[in-house]
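So the structure is just underneath, and the comments pick up after that.
The values are calculated or read from the model by the stated rules, or taken from the named source; none is laboratory data. If you're wondering where the values come from, they're calculated on a predicted model, not measured in any experiment. A quick note on method: Cβ atoms are made from the backbone with ideal geometry, for glycine too, and the neighbour counts reach across all protein chains shown. Surface areas here come from the heavy atoms of the whole protein model, side chains and all, with no ligands, DNA or RNA. Shrake-Rupley method; radii C 1.70, N 1.55, O 1.52, S 1.80 Å.
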Amino acid sequence: MQADRTPNLFPIAGVVFAWAMPKTGKGYEIPLFEIAQSIEDPDLSIWLHLNLSNTQVQRWLEKTSLVPERVVEMIEEGVNLSRMERIEKLNDCLVMVMNDFHQEFGEDQVDGSLGTLWAIVTPKLMVSLRNNPLKTTDKLRYDLRSGEINPSSAIELFHELLDLRAEQLRTLLVHLSQDMDVLEENLLKGKDFPEHESLGRIRIQCSRLRRQFSPELIALHRLLKRLPYWFSDENKNRLTDDVDLLSYLVQDISSLYDRAKVLQDEQAAHVAEFNAKNLQVLSVMTVIFLPMTLISGIMGMNMEDLPGLKGSFFEVMVVMSIAGGAVYGALKLKRII
């Protein structure tokens, strides 16, 4: 029931981060036990970043009026597990199911594994939910604490979130492109070509990124045609820039995928050429030693001790010739030679 859904019972244990954005002045991190009071302050815009795997958060979502019931139903239905990116307006809020990169602690290498980020945005509040630590939201928290960014509203914070995620995607694509450059350079210089798994990994990763981000790009294009009323002209222009950047990155993903495909075809051609050269060497060696093998085989036949074949050397040679001619005729008939 909508009447029973109140924001008072706040899930302290499930809060990952809370940030207040006054209309004037610098934003600040909200202490856990002051979050519920800060939400009710009309002069503050709030970002709540919650751990969706926490049971207190799940119970709070069912009771609070801050999140539309339809969003709660979507979460319960497991939309985040279906990897269906969607962006839509519900009542007075904007709901996004987005892709984000998993935060791999203790690893220096860039990982392209994706997780799901829920973002519910209203003029005064942005609620983000995730099951596992994600790179973009962790970087956003760091930038807010360090003062590198200072948004004054929830919608500005939402744009910062999109920008940081695009930067994470760009960083991953730069690393993949550098790996592709090394592989292409090795091929052009005739060096030992790396294992097929290295190139296959890049191609599969590009395919996965394109499959995940292309639907999101389409959803953003649809959103541009029916933005919420509280989007200002500046916010519309900034969202258009975000869409253009994501479109460029998706095209870059497709370009990397095509490069990997071409390089795989080139690698296959090199392997086929290498095998053909080896087979040619073996064929030449076989032809060279064929007369010696044939002569030694014929001259080494001893039929004196074989019953019924004593003194029949020429007869055996005729039979061998007939058998060879029959095999040749059969191969010629089937167009094998």
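Numbers below:
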{"quantity": "For segment 117-147 and segment 209-247, distance of Cα centres in Å", "calculated": "18 Å"}
{"quantity": "Scaled radius of gyration (Cα, divided by 2.2 N^0.38 Å) that segment 138-238 gives", "calculated": "1.51"}
{"quantity": "Two-decimal log10 I(q)/I(0) for segment 228-337, as the Debye equation yields it once each C-alpha is a single scatterer, q = 0.13, 0.14 Å⁻¹", "calculated": "-0.85, -0.90"}
{"quantity": "Evaluated at q = 0.12, 0.16, 0.20, 0.23 Å⁻¹: base-10 log I(q)/I(0), Debye formula over Cα of segment 110-193", "calculated": "-0.49, -0.71, -0.95, -1.15"}
{"quantity": "Alpha-carbon Rg/Rh ratio, for the chain, with Rh computed the Kirkwood way", "calculated": "1.36"}
{"quantity": "Percent carbon-and-sulfur accessible area, the chain, ignoring ligands, DNA and RNA, probe 1.4 Å", "calculated": "56 percent"}
{"quantity": "Residues whose placed amide H lies under 5 Å from that of residue 28, excluding near-sequence neighbours", "calculated": "20"}
{"quantity": "Choice from 229, 142, 28 showing the highest fluctuation, given a GNM over the chain with Cα pairs closer than 10 Å", "calculated": "229"}
{"quantity": "21 Å Cα-Cα threshold exceeded, pairs from 135/225; 26/124; 26/139; 124/236; 189/261", "calculated": "135/225"}
{"quantity": "Loop-exposed trypsin sites (Lys or Arg not before Pro) per DSSP, neighbour cap 14 Cβ within 10 angstrom, longest uninterrupted part of the chain", "calculated": "84-188"}
{"quantity": "GluC sites (Glu not before Pro) restricted to segment 150-246 and DSSP loop, no more than 11 other C-beta within 10 Å", "calculated": "195"}
{"quantity": "Check: segment 149-262 dipole with +1 on Lys, Arg Cβ and -1 on Asp, Glu Cβ, in debye", "calculated": "540 debye"}
{"quantity": "Distant-in-sequence amide H partners of residue 115 (H built 1.01 Å from N, under 5 Å)", "calculated": "100, 101, 102"}
{"quantity": "Check: the chain dipole with +1 on Lys, Arg Cβ and -1 on Asp, Glu Cβ, in debye", "calculated": "1020 debye"}
{"quantity": "Farthest positive-ward along the chain dipole, Cα basis, beta-carbon charges - from 248, 175, 207", "calculated": "207"}
{"quantity": "Per-pair calculated FRET efficiency, R0 = 35 Å: residue 248 and residue 198 via Cβ, rounded to 0.05", "calculated": "0.85"}
{"quantity": "Alpha-carbon centroid distance for the pair segment 253-300 / segment 33-57, whole angstrom", "calculated": "67 Å"}
{"quantity": "Probe 1.4 Å, protein heavy atoms only - accessible area per residue of the chain in square angstrom", "calculated": "57 Å²"}
{"quantity": "Alpha-carbon spread of segment 203-287, three principal axes, descending order, Å", "calculated": "83, 16, 15"}
{"quantity": "Packing-based order for 239-246, 94-101, 30-37, using average beta carbon neighbours within 10 Å, highest first", "calculated": "94-101, 239-246, 30-37"}
{"quantity": "Segment 109-176 - charge dipole about Cα centre, Lys and Arg +1 at Cβ, Asp and Glu -1, debye rounded to 20", "calculated": "180 debye"}
